[in-house]
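What follows is a set of notes on a single structure, which appears directly below.
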Amino acid sequence: MKEFLLLFRSDPKLVPARSPEEMEKMMKKWMDWIGGIAAQNKLTDRGNRLGQEGKVLKPGNVITDGPYMEIKEAIGGYTLIKAASFEEAAELSKGCPILSVGGTVEVREIIAM
Amino acid sequence: MAAHELIPHLFRTEYQKITAVLCRLFGIEHIEIAEDITSDAFLQAAETWGLHGMPENPTAWLYTVAKNKARNYFRHDAVFKEKIARQLKHSIPEAGEIEIDLSPANIRDSQLQMMFAVCHPSIPAEAQIGLALRILCGFGLDEIASAFLANKETINKRLTRAREKLRLANIPVALPDEDAIHSRLETVLTTLYLLFNEGYCSQGQDMILRKDLCLEAMRLALLLTENQLTNTPEANALLSLMCFHASRFDARIDTNGNAVLYDDQDSSLWNKELIDKGKFFLKQASESNIISKYHIEACIAYWHTQKNDSIHKWESILQLYNQLLLIEYSPIAALNRTYALSKTEGKEAAIAAAEKLDLDSHHLYHTLLGNLYTGVDQGKAIHHLQKAFSLAKSAADKKTILKQIDACEA
């Protein structure tokens, strides 16, 4: 089994303001998807969501506020899973609810140090 | 109850009490002496009661005999006397008699302390459970052997090694201090959880024994909630979970001793008092923000005390299983989650999810698929049920599966 990092990206501007009911529905979709991976014993760490604000450090001691509003695909969260191959990891990612709101899932293999 | 029935019963309820009190008095390094003295008392009961009939108060009789044997041992064993005498000085009156306090309060304290000694992290988990069954629950070697699917010899050796470990680690028979209580309690709760499951899920045919196992686990969990230091949200959640499950004990078995599946159970046989107790302890458990796996399992068990099906019920159960799986994976949780999914998303979605579970060698996996395919594809339903039949180990399971195959073929 290999480990994979799933990065969830979406355009913050495209995410509509949601009512509490819609938020709950979305939450349920995420839980059903993650629960389905956990039921296959392929979840390493459910991960977290990330705030939209950020800082970027550049050479020469330059620190900028993350210009995330201009990025079409800001990283909104991550999850760690186990899979035998890239294909399987991608297959597991297919049900991710972020895809239904125009976002993407980036699948990256974790290379142990 | 005749003597030959009463003695095993008393062994299960009283052996541990006497042993705990003696062990606390003598120290864990003399655990074998404590057990021997107690066993001797029972041996004498078997001989005397068989010949002369039963005493009026068998428990009091056992306590008196155990006390006398302990005093005799103390008086006659020079080594023991030498070693223990100094430690016990404060409790030895002039006549040289040691005081053995078998009052309910001292029994309770001793048992609670023994629970922590037996479930000490330095003792391997397997040994803990064996010792707990023997010392905390008073189970016979036969019963422990059948619980572990091992022979008596193996279990005896394992217990001897475990006692040796207790002795070498010189674990005090005492409650851990407040800093350590949380992690120590975790081990205790795991052991009690396993004990309960042993009774609730085991394949053994002896229903009285299985019920006793559950009641024992509940008694020990209750003991935890009665002490301020150990009355934690997790302990309450575990006890709540046990109460909800145990409420169905009488409905799970028909008059012929056959298992009755949940859907076919007569809910008027469910024990309302235990359901109320479960609710009470769940409420106690929910007074902080801690959510342990016991909380989630107790909530699931609560939903199963509601016989009426509703989408809300199954949606809640599905979400609880999702949460449970995030805390800890187990094949049973994965299978149950998929069953809940069939109730909220329909059989086809659940079949697709089930076929990804990779639990091909588990008979319950095939029972689930057989159930899901019923009405969708009878051929596949029968195929899976037959596979479940060949994988199932107990006669009771096989019988239940056969019934399902018959229903499919009809």
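Identify all residues within region B:333-356 that are of a type outside the set (A, V, I, L, M, F, W, C) and either surrounded by fewer than 22 Cβ atoms within 10 Å (Cβ to Cβ) or at pLDDT below 95 (or both); write none if there are none. Let's see the steps before the verdict.
Applying the first criterion (of a type outside the set (A, V, I, L, M, F, W, C)) to region B:333-356 yields B:336-339, B:342-348, B:355-356.
Passing the criteria: B:Asn336, B:Tyr339, B:Ser342, B:Lys343, B:Thr344, B:Glu345, B:Gly346, B:Lys347, B:Glu348, B:Glu355, B:Lys356.
Return the residues of region B:283-313 that are more than 25 Å from the chain's Cα centre (by Cα) and within 14 Å of another protein chain (Cβ to nearest Cβ); say none if nothing qualifies.
Kept after step one, since they are more than 25 Å from the chain's Cα centre (by Cα), are these residues of region B:283-313: B:287-289, B:307-313.
If the condition is that a residue be more than 25 Å from the chain's Cα centre (by Cα) and within 14 Å of another protein chain (Cβ to nearest Cβ), then B:Ile311, B:His312 are the ones that fit.
Which is touching a strand residue (DSSP E or B) at 6+ places or on another chain (Cβ under 9 Å) and surrounded by 15 or more Cβ atoms within 10 Å (Cβ to Cβ), of A:Ile63, A:Ile98? Write out each step before concluding.
On the way: A:Ile63 fails: surrounded by 15 or more Cβ atoms within 10 Å (Cβ to Cβ).
Going through A:Ile63, A:Ile98 in turn, just one is touching a strand residue (DSSP E or B) at 6+ places or on another chain (Cβ under 9 Å) and surrounded by 15 or more Cβ atoms within 10 Å (Cβ to Cβ): A:Ile98.
Given the conditions (1) part of a helix (DSSP H, G or I); (2) within 24 Å of B:His245 (Cα to Cα), and given that B:His384 satisfies all but one, which numbered condition is not satisfied?
Failed condition: (2).
Report, ordered by the first and then the second residue, all pairs with beta carbons closer than 6 Å, sequence separation of six or more or different chains, a first member in region B:396-410 that is under 17 Å from B:Val376 (Cβ atoms) and in contact (Cβ under 8 Å) with a residue 24 or more places away in the chain, and a second member that is in a helix (DSSP H, G or I) and of a type in the set (Val, Ile, Thr).
Sorted first by the residue in region B:396-410, then by its partner, the pairs are B:Cys408/B:Ile382.
Results for (1) modelled with pLDDT of 85 or more; (2) within 26 Å of B:His312 (Cα to Cα); (3) within 11 Å of another protein chain (Cβ to nearest Cβ), shown as yes or no for each residue.
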site	(1), (2), (3)
A:Glu22	yes, yes, no
A:Trp30	yes, yes, yes
A:Val62	yes, no, no
A:Ile75	yes, no, no
A:Ala83	yes, no, no
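Filter region B:344-356 down to residues that are of a type in the set (Asp, Glu) and at the interface with chain A (Cβ under 9 Å from one of its Cβ atoms), then give me how many there are.
Quick first cut of region B:344-356, residues of a type in the set (Asp, Glu) only: B:345, B:348, B:355.
Next, only the ones that are at the interface with chain A (Cβ under 9 Å from one of its Cβ atoms) stay: B:345.
Counting residues in region B:344-356 that are of a type in the set (Asp, Glu) and at the interface with chain A (Cβ under 9 Å from one of its Cβ atoms) gives 1.
Only residues in region B:314-343 that are within 9 Å of another protein chain (Cβ to nearest Cβ) and within 20 Å of B:Glu355 (Cβ to Cβ) count as the first member; pair them with residues that are polar (S, T, N, Q) and not in a helix (DSSP H, G or I), Cβ under 6 angstrom, at least 6 apart or cross-chain, and list the lot.
Final answer for the pair search is B:Tyr329/A:Asn41.
Yes/no per residue for (1) free of Cβ contacts under 8 Å to residues at least 40 places away in the same chain; (2) over 18 Å from the mean Cα position of the chain (by Cα); (3) surrounded by fewer than 18 Cβ atoms within 10 Å (Cβ to Cβ):
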| residue | (1), (2), (3) |
| --- | --- |
| B:Phe244 | no, no, no |
| B:Ser247 | no, no, no |
| B:Ala251 | yes, yes, yes |
| B:Asp254 | yes, yes, yes |
| B:Gly257 | no, yes, yes |
| B:Asp266 | yes, yes, yes |
| B:Lys272 | yes, yes, yes |
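Scan region B:395-410 and tell me whether some residue there is over 18 Å from A:Trp33 (Cβ atoms), small (Gly, Ala, Ser) and surrounded by 14 or more Cβ atoms within 10 Å (Cβ to Cβ). Lay out the reasoning, then the answer.
Let us first name the residues in region B:395-410 that are over 18 Å from A:Trp33 (Cβ atoms), namely B:395-410.
Then drop every residue that is not small (Gly, Ala, Ser), which leaves B:395-396, B:407, B:410.
Now drop any that are not surrounded by 14 or more Cβ atoms within 10 Å (Cβ to Cβ), which leaves B:396.
The answer is yes; a qualifying residue exists.
Quick one: would you say B:Leu359 is in a loop (DSSP other than H, G, I, E, B), within 14 Å of another protein chain (Cβ to nearest Cβ), crowded, with 18+ Cβ neighbours inside 10 Å and not small (Gly, Ala, Ser)? So that I can check it myself, show each step before the final result.
On the way: in a loop (DSSP other than H, G, I, E, B): yes; within 14 Å of another protein chain (Cβ to nearest Cβ): yes; crowded, with 18+ Cβ neighbours inside 10 Å: yes; not small (Gly, Ala, Ser): yes.
So B:Leu359 passes the test.
Which fully enclosed helices (runs of 4 or more DSSP H) of region B:272-355 have 2 or more residues being more than 27 Å from A:Gln40 (Cα to Cα)? Explain how you work it out, then say what you get.
Working: elements: B:272-285, B:293-303, B:311-327, B:331-345, B:347-354.
Output list reads B:272-285.
Considering only residues that are surrounded by fewer than 17 Cβ atoms within 10 Å (Cβ to Cβ) and within 19 Å of A:Ser93 (Cα to Cα), look in region A:45-56 and name the one that is nearest to the other protein chains (Cβ to nearest Cβ). Let's see the steps before the verdict.
Taking region A:45-56 and keeping what is surrounded by fewer than 17 Cβ atoms within 10 Å (Cβ to Cβ), we get A:45, A:48-56.
So of that shortlist, the ones also within 19 Å of A:Ser93 (Cα to Cα) come out as A:45, A:48-50.
Working: A:Asp45: 10, A:Asn48: 13, A:Arg49: 15, A:Leu50: 19 Å.
Of everything passing the filter in region A:45-56, A:Asp45 is nearest to the other protein chains (Cβ to nearest Cβ).
If B:Phe244 passes every condition in (1) assigned to a helix (DSSP H, G or I); (2) more than 24 Å from B:Asn371 (Cβ to Cβ) but one, which one does it miss?
(2)
Just to be sure I understand, how many residues within region B:179-199 are within 23 Å of B:Gly27 (Cβ to Cβ) and either more than 20 Å from the chain's Cα centre (by Cα) or surrounded by fewer than 16 Cβ atoms within 10 Å (Cβ to Cβ) (or both)?
Residues of region B:179-199 within 23 Å of B:Gly27 (Cβ to Cβ): B:180-181, B:184-185, B:187-188, B:191.
Next, from what is left, pick out any that are either more than 20 Å from the chain's Cα centre (by Cα) or surrounded by fewer than 16 Cβ atoms within 10 Å (Cβ to Cβ) (or both): B:180-181.
So the count comes out to 2.
The values are calculated or read from the model by the stated rules, or taken from the named source; none is laboratory data. Everything numeric in this text was worked out from a predicted model, so none of it was measured. A quick note on method: Cβ atoms are made from the backbone with ideal geometry, for glycine too, and the neighbour counts reach across all protein chains shown.
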